[in-house]
Ligand SMILES: Nc1ncnc2c1ncn2[C@@H]1O[C@H](COP(=O)(O)OP(=O)(O)OP(=O)(O)O)[C@@H](O)[C@H]1O
Ligand SMILES: [Mg+2]
């Protein structure tokens, strides 16, 4: 694989783009490829360009917006240490700082409200890992319905055939997973899909596809799917101690 | 007190909505209730044929909406039960000839007159379905025990939950007990498990249903048949009676010999 030109990361506030390459053309090309690969996921979302010291000129900004427009995405904020970039972003009506209050990043057609996560401040002694935030949804996800979220998704309920969850992180279903699940949709191969009954139409983790064997019985036994050596493997819960 | 407005929907076409509307409408009338059945399948009307009232139609729902007739004139009285009426769909118009607001006002007007207003929804999840379900206090979702139909029913339940929060009950139609026994057909439990809504009716497959509909004498009038009883049971449950679900039995060896199945 070629050198990565950028990273994309799902956060509570939006998709964060961080250029790695000095060549803006490479960054744009990499972005375009990523958007193409997971179009359903990105569509309607918003982007935060974390430029670091790299300058974002008017021209660069216009070229970035041109790509985002095609995927119905919004350039929402530009974070930078560079005075000139901050100025350019401001004159284009963009945020240059993220608001303290976080808002869910969900495509427009989603009606799930996302609560503001509390500020987790570990107290006293050794600092425990504060963990990561997740979107928790409690309901049956029915045919034609979908949840798209840049972070982890926890669904308490069943995912019926014809429904889908697309998450930037893990997908945990406290119920039957019979629809489509795409974990690590932004490229995270370490993402997991766990369900009490894992009989999905299709599983995807990052760029990998998997389908349960046709003959699988419906058994109510928790299982976990993950990527191992380039394929998706499904393991019963009790072997993962 | 205004009557209860109930819509019969399915998503997928041809699963038995109109048959069920006709039979439940008659069933409720047999139990002494006053009923108006509204055919909301504009352009594809069928309910009149199934109820045997085709040749009595003078005006239809669109005529009423357009102010060409009075409400009462758009109703066709049943020939068997004087308290049962049908409001026919227009046969010659497009599906979008009626708006959601208009459908609501027609249904509410009907509810002033009777105990039950049954609305036969068109297939699909577009405008026609939205119109038919908009006025409903309860939606009877019809599914056949097959994957595609169950999935479409699920879609309908999801839309109802998300948009109007209308309660839904499930009718499983065209069950073939012998196939369920051989595990060649989804069992009612599987369908209920998937859709996670309360069951209100289990109707077996019965070729008599078609011949009865064609004659305009819905099978519910023939109380002796299992399908007729299934429809009457649904009518009873709608009235609040606690009718247990009889297990559907495969036809006996003799019934099969007689060729009725
Ligand atoms: N339980 C049953 N056993 C046998 N045949 C049935 C049964 N229920 C319905 N049918 C037949 O299936 C066909 C379709 O039924 P019907 O017209 O009621 O479906 P529908 O859902 O109203 O269709 P549409 O979506 O076109 O309005 C008819 O020929 C009917 O007689
Ligand atoms: Mg019909």
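The values are calculated or read from the model by the stated rules, or taken from the named source; none is laboratory data. Just so we're clear, the structure is a prediction, and the values are computed from it rather than from any experiment. Neighbour counts are summed over all protein chains in view; Cβ atoms, including those assigned to glycine, are modelled from backbone coordinates with ideal geometry.
Got a number for residues in the stretch A:38-68 being part of a helix (DSSP H, G or I) and in contact (Cβ under 8 Å) with a residue 60 or more places away in the chain?
2
Residue B:156 passes all but one of (1) outside any helix (DSSP H, G or I); (2) over 25 Å from residue B:30 (Cα atoms); (3) modelled with pLDDT of 90 or more; which number fails?
Every listed condition holds for residue B:156 apart from (1).
Please work out if residue B:233 is in a helix (DSSP H, G or I) and away from ligand 1 (no atom under 15 Å from the Cβ).
On the way: in a helix (DSSP H, G or I): yes; away from ligand 1 (no atom under 15 Å from the Cβ): no.
When the stated conditions are applied, residue B:233 does not pass them.
Scan the stretch B:87-106 residue by residue and report those that are touching a helix residue (DSSP H, G or I) at 6+ places or on another chain (Cβ under 9 Å) and part of a helix (DSSP H, G or I).
Once the filter is applied, which keeps residues that are touching a helix residue (DSSP H, G or I) at 6+ places or on another chain (Cβ under 9 Å) and part of a helix (DSSP H, G or I), the stretch B:87-106 yields B:95, B:96, B:97, B:100, B:102, B:103, B:104, B:105, B:106.
On the basis of being within 13 Å of ligand 1 (Cβ to nearest atom) and assigned to a helix (DSSP H, G or I), does residue B:132 make the cut?
For residue B:132, the condition - within 13 Å of ligand 1 (Cβ to nearest atom) and assigned to a helix (DSSP H, G or I) - is met.
I need the full set of residues from the stretch B:33-60 which are away from ligand 1 (no atom under 16 Å from the Cβ) and in contact (Cβ under 8 Å) with a residue 12 or more places away in the chain, in order please.
B:33, B:34, B:35, B:36, B:56, B:57, B:58, B:59, B:60
How many of the residues making up the stretch B:179-207 are buried (at least 16 other Cβ atoms within 10 Å of the Cβ) and within 16 Å of ligand 1 (Cβ to nearest atom)?
13
Report whether or not residue B:5 is touching a strand residue (DSSP E or B) at 6+ places or on another chain (Cβ under 7 Å) and outside any loop (DSSP other than H, G, I, E, B).
Criteria met by residue B:5.
Could you list all residues from the stretch B:3-13 that are within 14 Å of ligand 1 (Cβ to nearest atom) and closer than 22 Å to residue B:62 by Cα? If you could, list the steps in order and put the result at the bottom.
Step one: of the stretch B:3-13, the residues within 14 Å of ligand 1 (Cβ to nearest atom) are B:7-13.
If the condition is that a residue be within 14 Å of ligand 1 (Cβ to nearest atom) and closer than 22 Å to residue B:62 by Cα, then B:7, B:8, B:9 are the ones that fit.
Condition test on residue B:218, is it at pLDDT 90 or above and in contact with a helix residue (DSSP H, G or I) (Cβ under 6 Å, 6 or more places away or on another chain)?
Criteria met by residue B:218.
Here are some conditions: (1) outside any loop (DSSP other than H, G, I, E, B); (2) within 16 Å of ligand 2 (Cβ to nearest atom). Residue B:111 meets all but one. Which one does it not meet?
Here residue B:111 meets the rest and fails (2).
Please indicate, with yes or no, whether at least one residue in the stretch B:103-115 is modelled with pLDDT of 95 or more and over 29 Å from residue B:153 (Cα atoms).
Scanning the stretch B:103-115, I find at least one residue that is modelled with pLDDT of 95 or more and over 29 Å from residue B:153 (Cα atoms), so the answer is yes.
Go through B:106, B:117, B:35 for me and flag whichever is more than 16 Å from ligand 2 (Cβ to nearest atom) and over 16 Å from the mean Cα position of the chain (by Cα). Reasoning before the result, please.
Numbers: B:117 fails: over 16 Å from the mean Cα position of the chain (by Cα); B:35 fails: over 16 Å from the mean Cα position of the chain (by Cα).
B:106 is the lone residue from the list that is more than 16 Å from ligand 2 (Cβ to nearest atom) and over 16 Å from the mean Cα position of the chain (by Cα).
Of the residues that sit in the stretch B:42-57 and are in contact with a helix residue (DSSP H, G or I) (Cβ under 7 Å, 6 or more places away or on another chain) and in a loop (DSSP other than H, G, I, E, B), which one is nearest to ligand 2 (Cβ to nearest atom)?
Among residues in the stretch B:42-57 that are in contact with a helix residue (DSSP H, G or I) (Cβ under 7 Å, 6 or more places away or on another chain) and in a loop (DSSP other than H, G, I, E, B), the one nearest to ligand 2 (Cβ to nearest atom) is B:46.
What is the residue count in the stretch B:165-185 for residues that are within 14 Å of another protein chain (Cβ to nearest Cβ) and either in a helix (DSSP H, G or I) or in contact with a strand residue (DSSP E or B) (Cβ under 9 Å, 6 or more places away or on another chain) (or both)?
Restricting attention to the stretch B:165-185, the residues satisfying the condition of being within 14 Å of another protein chain (Cβ to nearest Cβ) are B:165, B:168, B:170, B:183.
With the extra rule that they be either in a helix (DSSP H, G or I) or in contact with a strand residue (DSSP E or B) (Cβ under 9 Å, 6 or more places away or on another chain) (or both), the set shrinks to B:168, B:170.
Qualifying residue count, the stretch B:165-185: 2.
May I ask you to verify whether residue B:110 is without any contact (Cβ under 8 Å) to a residue 24 or more places away in the chain and away from ligand 1 (no atom under 14 Å from the Cβ)? Before you say what the answer is, go through the steps one by one.
Working: without any contact (Cβ under 8 Å) to a residue 24 or more places away in the chain: no; away from ligand 1 (no atom under 14 Å from the Cβ): yes.
Against the criterion (without any contact (Cβ under 8 Å) to a residue 24 or more places away in the chain and away from ligand 1 (no atom under 14 Å from the Cβ)), residue B:110 does not qualify.
Of the residues that sit in the stretch B:120-129 and are within 13 Å of ligand 2 (Cβ to nearest atom) and within 14 Å of another protein chain (Cβ to nearest Cβ), which one is surrounded by the fewest Cβ atoms within 10 Å (Cβ to Cβ)?
Among those residues, the one meeting the criterion is B:124.
Inspect all residues belonging to the stretch B:14-29 and state whether any of them is more than 14 Å from chain A (Cβ to nearest Cβ) and away from ligand 1 (no atom under 16 Å from the Cβ).
Yes - at least one qualifying residue is present in the stretch B:14-29.
If you take the residues in the stretch B:1-13 that are more than 9 Å from ligand 2 (Cβ to nearest atom) and over 11 Å from the mean Cα position of the chain (by Cα), which one is farthest from the other protein chains (Cβ to nearest Cβ)?
So, considering only residues that are more than 9 Å from ligand 2 (Cβ to nearest atom) and over 11 Å from the mean Cα position of the chain (by Cα), the one farthest from the other protein chains (Cβ to nearest Cβ) is B:1.
Could we say that residue B:141 is part of a helix (DSSP H, G or I) and either within 16 Å of ligand 2 (Cβ to nearest atom) or surrounded by fewer than 20 Cβ atoms within 10 Å (Cβ to Cβ) (or both) here?
Here the answer is no, as residue B:141 does not meet what is asked.
Identify, by number, the condition in (1) surrounded by fewer than 24 Cβ atoms within 10 Å (Cβ to Cβ); (2) modelled with pLDDT of 95 or more that residue B:56 doesn't meet.
Failed condition: (2).
Can you go through A:141, A:203 and tell me which one is more than 13 Å from every other protein chain (Cβ to nearest Cβ) and in contact with a strand residue (DSSP E or B) (Cβ under 7 Å, 6 or more places away or on another chain)?
After ruling out the rest, the residue left standing is A:203.
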